[in-house]
1. If you take every residue apart from residue 112 with its C-beta less than 11 Å away from the C-beta of residue 112, what net charge results, scoring Lys and Arg +1 and Asp and Glu -1?
2. What distance in nm separates the two pseudo spin-label positions at residue 30 and residue 110, each 7 Å out from Cα along the beta-carbon direction?
3. Give me the net charge of residue 98's neighbourhood, meaning all other residues with Cβ under 9 Å from the Cβ of residue 98; Lys, Arg count +1, Asp, Glu -1.
4. Counting only DSSP beta bridges with both residues in region 7-124, tell me the antiparallel percent, nearest 5.
5. Specify which residue in the list 41, 119, 59 is farthest towards the positive end of the charge dipole of region 16-127, using unit charges on the beta carbon of Lys, Arg (+1) and Asp, Glu (-1), about the Cα centre.
6. How far is it, in nm, from the label point at residue 155 to the one at residue 172 when both lie 7 Å from their Cα along the line to the Cβ?
7. By how many nm would the segment from residue 17 to residue 45 grow when fully extended, if each residue of separation counts as 0.36 nm and the alpha-carbon distance is taken off?
8. So, with +1 on the Cβ of K and R and -1 on the Cβ of D and E, and no other charges, what is the size of the charge dipole of region 48-130 about its Cα centre, to the nearest 20 debye?
Amino acid sequence: TLGTLASVCASLPLLAQTPPNDTFPGETPLAGHVHVVTGANVGATSEAGEPNHADSPATASIWWSWVAPDSGLALVSTLGTTFDTVLAVYTGDAVNALTLVAANDDAPGLATSLVSFQAVQGATYRIAVDGYGGATGPIELRLGLPGPPTPPVITSQPIGQTVPDNAGSNVTFTVSVT
């Protein structure tokens, strides 16, 4: 005797996984002068007490932290991200007590964001990226702080010369550096 074969098709909603840097604290740490990092705010949330970022309500923010290795002009952008972002940089240790350092919704002519600020060596900065109006997707975060100037290296010494005793004479010395 043959039995009856039945099949059941069910549709289950696919839930987005929460990004690892969705919460504060829990931000992804960055160290050094230059970074290009990727992430995504798909499945991200906002937190109680989280500030508006660039005057936009927090909806799906993700966080990074960065300790400035030197003092100088720091640039942070979301250039390379394919959706409209908001970007904010803060100092502070609690999401409901952050101090705004810089924020931007759209860099001139772009839907991505760009901020610059005077970084202080050793200070910890909290970087929030969110989608404008709840937009989500892959994010590219760029951070740059030029390092200290590199001193020149002398590759050839000047050749010794005897200076004439008469005033007004010129002597030329040549030094090569890289």
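1. Details: positive: 142; negative: 84, 105, 106, 140.
Value of the local net charge: -3.
2. About 1.3 nm separates the two model spin labels.
3. Numbers: positive: 126; negative: 50, 93.
So the environment of residue 98 carries a net charge of -1.
4. Values: 13 of 17 bridges.
Bridges in region 7-124 that DSSP calls antiparallel: roughly 75 percent.
5. 119
6. It works out to 2.0 nm between the two label points.
7. Extra length from residue 17 to residue 45 when fully extended: 9.0 nm.
8. Details: 1 positive and 8 negative charges, 37 e Å.
That gives a dipole near 180 debye.
Every number here is computed from the coordinates shown, using simple stated rules; none is lab data. Keep in mind the model is a prediction, meaning the values are calculated, not measured. Cβ coordinates were reconstructed from backbone atoms using ideal geometry, including for glycine residues, and neighbour counts include every protein chain displayed.
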